[in-house]
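Heads up, the thing below is written out as structure tokens.
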Amino acid sequence: MRQSKFYLLFLSCFLCYGVHAQRTVTGSVIDEDGDQLIGVNIVIQGTAIGTTTDIDGTYSISVPDENAVLEFTYIGYATRSISVGSDNVIDVILALDAEVLQEVVVSALGFKERKDEMGSTFSTVNPDDITRSGEAMLLNSLGAKASNVQISRTNGDPGAGTIIRIRGANTISGSSNPLIILDGVPISNSTIYGGGNDITGGRTGGTSQQSRLNDINPNDIESVQILKGASAAALWGSRAANGVVVITTKDGNAGEPKISFKSTLSFDEVHERYPMQTVYGQGRSGSYGATRPEAWGDYIPDRSGGADVVDQSGEVFIADDGTEYYPIDHRNSKVNYVDSNWDAVFQTGSFWQNDLSISGGTDRATYFFSLGRLDQDGIIRNSDYDRTNIRLNNRFILNDWLSLATKAGYTNSNSNRIQQSSNTAGLLLGLLRTPPDFDISDYKGTYIDGDGEVFPERHRAYRRYLGQNSNPIYNNPLWTIFEQTAESALNRFLVSAELNITPTQWLQFTLRGGVDNYEDKRVYHFPIGSAGDRNPGIFNEDLIGEKQVNFSAIGKANFDLTSAISLTATAGWNINDQQRRVNTAEIEGFLVNSKKQTSDLNTAKENSSVENSKRFIRSNRGFGILDFDLYDQLFVSLSGALEAASSVKGTFFYPAVDAAWQFTRTVVNPTDAFSFGKIRGSWGKVGVQPLAHRFQTLSESGFTYSTYSDPLGISFFGGGFRLDDDRGNPNLEPEIKTEWEVGLDLRFLQDNLSLSMTYYQNKIKGLLFGVELTPSSGFDTEYTNAGSMENTGFELETDYAIIRRGDFDVSLYGNWSTNDNTVTDLKGTETIDLTPGASVSSRAIQGFPLGVLYGTGSQTDANGNFILDENGFPKLTLSPHVLGDPNPDWRAGFGVRASWKSLSLNILFEHSHGADFSPRTQWVLRRFGTTEETTGRLTLSQDLTNFAGDLIPAGTTVRGNIDDFGAGPVLLDETWYRTGIGGGFGDNQAYNFSIADATFTRFKELSISYVLDTPGLLSKTKLSSIILTATGRNLFLWDDLKGVDPEVNQVGVDNGFGLDYFTNPSTRSFLFSLIVNY
Amino acid sequence: MLFVVGLCSTACEDVVDGINDNPNKITSDDIDPQLFLTGAMLANSVAQAGHLNRIAGMWSGQLVGLASLYSNIYGYSISTAESVSTWSRVYIGTITNVRHVRTQLPSDGLIQGITKVLEAHGVGTLASLCGDVPYSEINQAEIEDPRFDDQVSVFNSLIVLLEDAASDLSSANSRITTFDIYFEGDADKWQEVANTLIARYRMHMGDYSGAYAAAQNGISSPDGSMKYIPRGDAALTEGDKNLFWEILEGSRTGDIGTGNSYLMQLVNDSTDVYRGNAKTDESARAGYYVIDESGGRANLGIIEQFEPHKLVSYEENLLILAEAGARSSGFDTGLGHLNELRAYLNTGDFLNANFIDQAYLYEAYETADFESGGMENIDGIATDRALLREIIEERYVTGFGTFMPFDDARRVRSGDGDIQVPFPTNGGGQYPERLPYSDDELNANANAPSEDPGIFTKTMVNQ
């Protein structure tokens, strides 16, 4: 066919020369920006005579007569037809195809589809929104921009991981991360905690870890599509239950090289600070105590002032700068160090990101090259993150039936993180527990004891103010920052290639392959003298590597079944192989007190340990899609994927069906007021894969048997093995989520107002977790498909261009969503702890939403009134129960986009409503007496009883607050906060008082940019434009919680949430960027 | 589309086959099955000599719960949580592993015998303590909730298993193996233990002639006793030491000891109930038996750091011969075996080095000692009854540290109240008749009783 076309062309050209009355028309073709378009096809309508524009964007064509019509076509631009008439010069401006620009979405398979023809929900985040936010982390830039897509940073550390949750929770024990498809290929977005976190309490302590998606430079992104529903994602089978995020990186466009340079400078500060008290000193019961953990000591204003009385006859601590500290006999100083201690730890963080991109090409080959560099200093001193990104994307049209695209990205990042959370070597734990009268500045030095023995390199912290003991109990925060290190160095390659074969117009084959390979090396170093188990020194190296190889072959054919019905049939096969290797090597207990990262710190065998763990997952699936287009208004799609995965027994089939009907084509005639209407519905199944390597019952060693405090360890008896008491399960199936949704997409006022609504319901069956077995069956637990869960929700997205007057545009946009989750069945398992180790935990409990907060609380009667003890205080419940629900009732994002001439403005707010949160930092600090809420100083006007039952007579001046639990006023003093049930840790606390409403409104983004493109400047500098942008991010937060951002999460990127425990704080940022386009 | 789907259904699974084999942990197929034995024996040791053993001691006048949990349990406040760990040690720690070894080495007579003895020992202890327990359906992949078998049928099944074991062992060769922490692979000793256990279970059921017959082939020498033997470095306080010593040296200091228990009064010559006489001096044993609650290191006797804990002993076998012999074959048989035990006691070998130098005396009794007015029958009861009473008291004293006193108390109380050891209750006037079921088993097993029958309900064999 191709050949015959050529012959025809040849023949017609030959014939042309034989005919007179021919004349030549010339001209140029440019786009709306005035750039020449190269390779525009120009054909005389109704003939095969044609030409293309040359490298200058000009053309020349012979036309038979003045009735000839020239048709100008160019990829991505609207086709134009122009009658020749009598003109010999015809210059043409081609406009970008509006449909291509605004209405195209990228499907799960990586194909561009018309959004108006889709039967399922597609949320699109456009690249301007991503880059304008100035977020260096791609994931964070998606926040609040799509309905029912919850993006929460786990804390404000540079490079910290981000939770992304689409339409609520879909799994209990699996990963809640969506599948990320970059340029048609799945890539890793894992957050691996590794062996280094185990030193300090796993996920509840340690350092925050990164989300791998943040390795990608936001400036390279062309589009982000979020496929929320099961039907859109079903082709990815058992990896799609949490939704699919489809990311496409930029391509070059034909034309002169476009060179763009962008520089962004950001200043970050601590978003919120805990209100601390400044008037009560270290100690207990109103008396100063120099080694006491708490600040329930003396009233500082009552001190005499001046220097403390010290004993210079014996012990001394000589700080590195020579300052000497002696045992305190009497405290006189009135100085408080709350602010100076804070300032010694925190700073104004900053980052500087520079991006250079060069793109261009011809009609046959395009390229996009970018180089990006980010250097960030965190708000915590000595925490940093840097990232270098290189990307080269090429596209070649080899001939008219073959094209090739290759995309390659490289990322290198390095960071130092600061220990945090439930961890005595963590930052805020040490800082916020430090009493106001302790100066943290001299944290290191030499201790000399009463006998004159010298101990160098001692750690001075508030509980050991002379460094008199090797273990300071809690770290001095400056030791945490400057002496401990937690470095990470990452190298990652993301490479993909796609070959498109189009043998005929109606048939297309796509072969697509990709590799995602990274290695993350993390080094943790705790010098001798760090608090807790790390006291003798720990050096740990984690080497984490992941490789994902993916290949797809897809065939796609278009048929016209009748004149009104057409069918696109797609069939394909995909194989995906994931390998993960984690190696951990550790030296515990140093012979040499050195900060060198070497195994020579202690070469004794018994002080070193090596562990490795591997994970292999492979899946492959065959899939097919039938897309029917009926009368250009009803679009029906049937799809199915049959998948076999290594961690699943047998094969599973994931069907989906969706339909969209543009009723404005027939039933209602589109008018200016109501311009478009589409009703859509879909149904589909998706899954969550079981954890890998759980088929077999394994053997384990190193176990201990005990009945009651009487352990016997196998390692003492010559070693040996036992069958793992967690029974293997060779019959594991994926968790299956079945979802249906219905929706309406409407556009009014000549498409100026768009509205999209979706209601969905899903049921997830076969939730996997470790079910407790009957002991006499021979095993403790079995990981099996046992639970079920439901979600229902409603989503609304809208965009309204209120004003559109040439150079003055104003648009309002917003999204609103609800998601109701219920765990419907746990097969008799009472609760599943999602945050082990926390006294208030986030759990799965039958009949409640996933993640409910759980712990001991106060006893109440049938009416919800407290059952009080004889002193008028609440009584503890005997067992833990549900305390709150950290899932919001609804969430919303809303904003304004405006532009006037060269100036544009964007405002974005985010709101979350009705979620509960347990700010456990604050709760625990009540015991320590360092926060403002424990600083009340009252002279009692009546006799009051405290928690201990003591009657405090009227007229007494006390430290505390007055409350009434239902039996009249009582005094909340030290006996309530420190020794009672009103502050502290463990299971015996009235944690109902630690639950707060975390409703918040966040002023997420304010950005103003100015485009400088005056012809004068541009002709002088040969630049095409200069864009200046100022952005404020996370500017204000309106909420009832003090000192903590309710979106932080103690356990990092995990299924448990709603908890904070000395988690590093979040940030507020001010950014300035300059873009120069050449 | 159908074509592709069809194509995949045949080929897809091949592509992913075998990938899910765990690359990190060793599977049981890769390991010499004998390496599973030590763990099973540790689980058995801790089940037999651990928490329930101490509770049985408190409920038979031997130990006193002084503080915390043990003081509650001493006063008969006990929840089903207390049996959780022991059930798990028996059903999961022991049975799962010995059955794995047994299926892996079907023709190894020594392994077959050892694993059957361990299984019978674990389940038999639970059956005697709790009554009806799961057995016939346990440890089968297809049965999630094994049914509870009645106590007598469990004992009968275990006796069959032990007879099998004895037969396996009789034809097996011994071989030195360090995996066997009880007997280092001595088939003869295992065979004797099998027979003593048969005798023990027949005693529980009141089948005295059967018990006597089995005990004939039971443990025949002191070093044939099955013991948990501590080892290791004296500086380490847990993991390989005497279990009672571990709890007192660790977090349970002050919670439990012998105090002024009835047992202590029996062996203490300053009390009214002192059992010594012209032929018997318990001084050394009284010192050896003291368990000082103030800490592990305060103890030099029966729970000293390295003191072995007897699980199935030579003494028990002699005392079965004595009681069962007296009951089934008559006075002389019984007396003969009692004197055999006394002769052994009189060697002092049962004491450790710290007490061997203290006074002890166990001269042989004569018939006259049990006749009315004799030194063991001052209250003038029937001669046979007097002998039996002395044997039961000897079982009570010698059996310290094992379940024998608790088992005997319940058995003797139900038919021979006149000759029982008259230790008082710990309050309330009632004696406990059983230990509770495991909370986990009650919750998870659909075939378990809806609630525990309670500790004052007699088990089947003691009705």
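The values are calculated or read from the model by the stated rules, or taken from the named source; none is laboratory data. Being a predicted model, the structure only gives us computed values, none of them experimental. Glycine gets a Cβ as well: all are built from the backbone with ideal geometry, and neighbour counts include every protein chain shown. What goes into the accessible areas is simple: the full protein's heavy atoms, side chains included, and nothing from ligands, DNA or RNA. Shrake-Rupley method; radii C 1.70, N 1.55, O 1.52, S 1.80 Å.
I'd like the accessible area for B:VAL15, computed on protein heavy atoms only with a 1.4 Å probe and all protein chains in place. Round to 10 Å², please.
For B:VAL15, the solvent-accessible surface is approximately 40 Å².
In terms of modelled amide H atoms, which long-range or inter-chain residues lie less than 5 Å from the amide H of A:SER594?
Correct list: A:ILE528.
What average count of beta carbons from other chains do you get within 10 Å of the Cβ of residues in B:136-146?
3
Separation of the range A:360-413 and the range A:125-195 by C-alpha centroid, Å?
After rounding, the separation between the Cα centres reads 20 Å.
Putting +1 on Lys and Arg Cβ atoms and -1 on Asp and Glu Cβ atoms, find which of A:GLY378, B:LEU37, A:VAL316 reaches farthest to the positive end of the dipole of the protein assembly as shown.
With unit charges placed on the Cβ atoms, the residue in question is A:GLY378.
Residues of the range B:62-84 that become at least 20 Å² less accessible with every protein chain present than in their own chain isolated, using 1.4 Å: which are they?
B:LEU69
Excluding same-chain residues fewer than 8 positions from A:LYS145, which aspartates and glutamates have a Cα within less than 14 Å of its Cα?
A:ASP128, A:ASP129, A:GLU135, A:GLU795, A:GLU797, A:ASP799, A:GLU910, A:GLU1005
Suppose we compare each residue of the range A:742-780 in its chain alone and in the full protein complex with a 1.4 Å probe; which ones drop by at least 50 Å² of accessible area?
A:THR774, A:PRO775, A:SER776, A:SER777, A:GLY778
Of all beta bridges DSSP finds with both residues in the range A:859-980, what is the antiparallel percent, to the nearest 5?
On the way: 22 of 23 bridges.
About 95 percent, rounded to the nearest 5.
Ordering A:HIS911, A:HIS330 by accessible area with a probe of 1.4 Å, largest first, what comes out?
Largest accessible area first, the list is A:HIS330, A:HIS911.
Can you give the mean number of other chain Cβ atoms that lie within 10 Å of the Cβ atoms in peptide B:232-239?
Taking all residues of B:232-239 together, the mean is 3.
Rank A:TYR708, A:GLN548, A:TYR299 by how far each Cα sits towards the positive end of the charge dipole of the protein assembly as shown (+1 on Lys, Arg Cβ; -1 on Asp, Glu Cβ) and give me just the farthest.
The residue sitting farthest along the positive end of the dipole is A:GLN548.
How high is the FRET efficiency from B:SER294 to B:GLU184, r the C-beta distance, R0 60 Å, rounded to 0.05?
0.95
Could you compute how fast the protein assembly as shown diffuses translationally, taking Rh as the Kirkwood radius over C-alpha pairs and applying Stokes-Einstein at 20 °C with viscosity 1.002 mPa s? Give it in µm² per second.
After rounding, the answer is 56 µm²/s.
Which of the DSSP-defined H helices in chain A satisfy a minimum axial length of 24 Å, computed from C-alpha atoms, and a minimum mean Kyte-Doolittle hydropathy of -0.5?
Length and hydropathy pass: A:2-18.
Any idea what log10 I(q)/I(0) is at q = 0.12, 0.17, 0.22, 0.24 Å⁻¹ for the range A:826-890, Debye with uniform C-alpha scatterers and no solvent?
Debye intensities relative to I(0), on a log10 scale: -0.38, -0.69, -0.94, -1.02.
Take every DSSP beta bridge whose two residues both sit in the protein assembly as shown, then give the antiparallel share in percent to the nearest 5.
Working: 401 of 416 bridges.
Taking every DSSP beta bridge within the protein assembly as shown, about 95 percent pair in antiparallel fashion.
Just the number please: accessible area per residue for the range A:955-1072, 1.4 Å probe, all protein chains included, in Å².
37 Å²
What accessible area per residue, rounded to a whole number of Å², is obtained for the range A:17-152 using a probe radius of 1.4 Å? Walk me through the numbers before you get to the answer.
On the way: 6130 Å² over 136 residues.
Ligands and nucleic acids excluded, the result is 45 Å² per residue.
Between the range A:931-983 and the range B:334-390, what is the C-alpha centre distance in whole Å?
The distance from the Cα centre of the range A:931-983 to that of the range B:334-390 comes to 69 Å.
Could you sort A:ARG273, A:ARG512 by accessible area so the largest value comes first, with the probe set to 1.4 Å?
A:ARG273, A:ARG512
Computed on protein heavy atoms with a 1.4 Å probe, what is the summed buried accessible area for the chain pair B and A, in Å² to the nearest 100?
Using a 1.4 Å probe, the pair buries roughly 5600 Å².
Where in chain B are the DSSP H helices whose alpha-carbon span along the long axis reaches 15 Å or more and whose Kyte-Doolittle mean is at least 1.6? Display every interim value, and only then the final one.
Working: long enough: B:2-16 (21 Å, 1.67); B:37-49 (18 Å, 0.92); B:109-130 (31 Å, 0.95); B:151-170 (28 Å, 0.90); B:187-204 (26 Å, -0.73); B:314-329 (21 Å, -0.03); B:331-345 (21 Å, -0.08); B:383-398 (22 Å, -0.47); B:404-415 (17 Å, -1.05).
Once both thresholds are applied, what remains is B:2-16.
Projecting each Cα onto the charge dipole of the range A:431-570 (Lys/Arg +1, Asp/Glu -1 at the beta carbon, about the Cα centre), which of A:ASN471, A:GLN505, A:PRO435 comes out farthest on the positive side?
Value computed over the given set: A:GLN505.
Can you compute the charge dipole magnitude of the range B:201-348 about its Cα centre, using +1 on each Lys and Arg Cβ and -1 on each Asp and Glu Cβ, nothing else charged? Give it in debye, rounded to the nearest 20.
Once rounded to the nearest 20, the dipole reads 340 debye.
How many percent of the accessible area of the protein assembly as shown is carbon or sulfur, using a 1.4 Å probe?
Carbon and sulfur atoms account for 52 percent of the accessible area of the protein assembly as shown.
Leaving ligands and nucleic acids out of the surface, order A:ARG239, A:ARG417 by accessible area at 1.4 Å, largest first.
In descending accessible area the options line up as A:ARG239, A:ARG417.
Taking amide hydrogens as modeled 1.01 Å from N in the peptide plane, which residues meet the under 5 Å criterion relative to A:LEU972, leaving out close sequence neighbours?
Amide H to amide H, under 5 Å and 5 or more residues apart or across chains, A:LEU972 pairs with A:ASN961, A:ILE962, A:ASP963.
Report B:GLU192's accessible area, 1.4 Å probe, all protein chains in place, as a number in Å² to the nearest 10.
Using a 1.4 Å probe on the heavy atoms, I get roughly 40 Å².
Write down the accessible area per residue of chain B in Å², having rolled a 1.4 Å probe over the full set of protein chains.
35 Å²
Run the numbers on the range B:11-26: which residues show a drop of 50 Å² or more in accessible area, chain on its own versus all protein chains together, using a 1.4 Å probe over heavy atoms?
SASA drop of 50 Å² or more in the range B:11-26: B:CYS12, B:GLU13, B:VAL15, B:VAL16, B:ILE19, B:ASN20, B:ASN22, B:PRO23, B:ASN24, B:LYS25.
Cα centroids of the range A:510-555 and the range A:1039-1064: how far apart, whole angstrom?
The range A:510-555 and the range A:1039-1064 have Cα centres separated by 25 Å.
Could you tell me which of the pairs A:LYS827/A:LYS875; A:LYS115/A:LYS407; A:LYS614/A:LYS763 are separated by over 27 angstrom between their Cα atoms in the structure shown? Let's see the in-between values first.
On the way: A:LYS827/A:LYS875 32 Å; A:LYS115/A:LYS407 25 Å; A:LYS614/A:LYS763 32 Å.
Violating the 27 Å limit, Cα to Cα: A:LYS827/A:LYS875; A:LYS614/A:LYS763.
Where the only charges are on Cβ atoms (+1 Lys, Arg; -1 Asp, Glu), what is the dipole of the range A:267-350 about its Cα centre, to the nearest 20 debye?
Dipole of the range A:267-350, to the nearest 20 debye: 400 debye.
Averaging sequence separations of C-alpha pairs under 8 Å and six or more residues apart, then dividing by the length of the range B:334-463, give the relative contact order as a whole percent. Write down the numbers at each step before the final one.
Details: 113 pairs, mean separation 18.9, N = 130.
Value for the range B:334-463: 15 percent.
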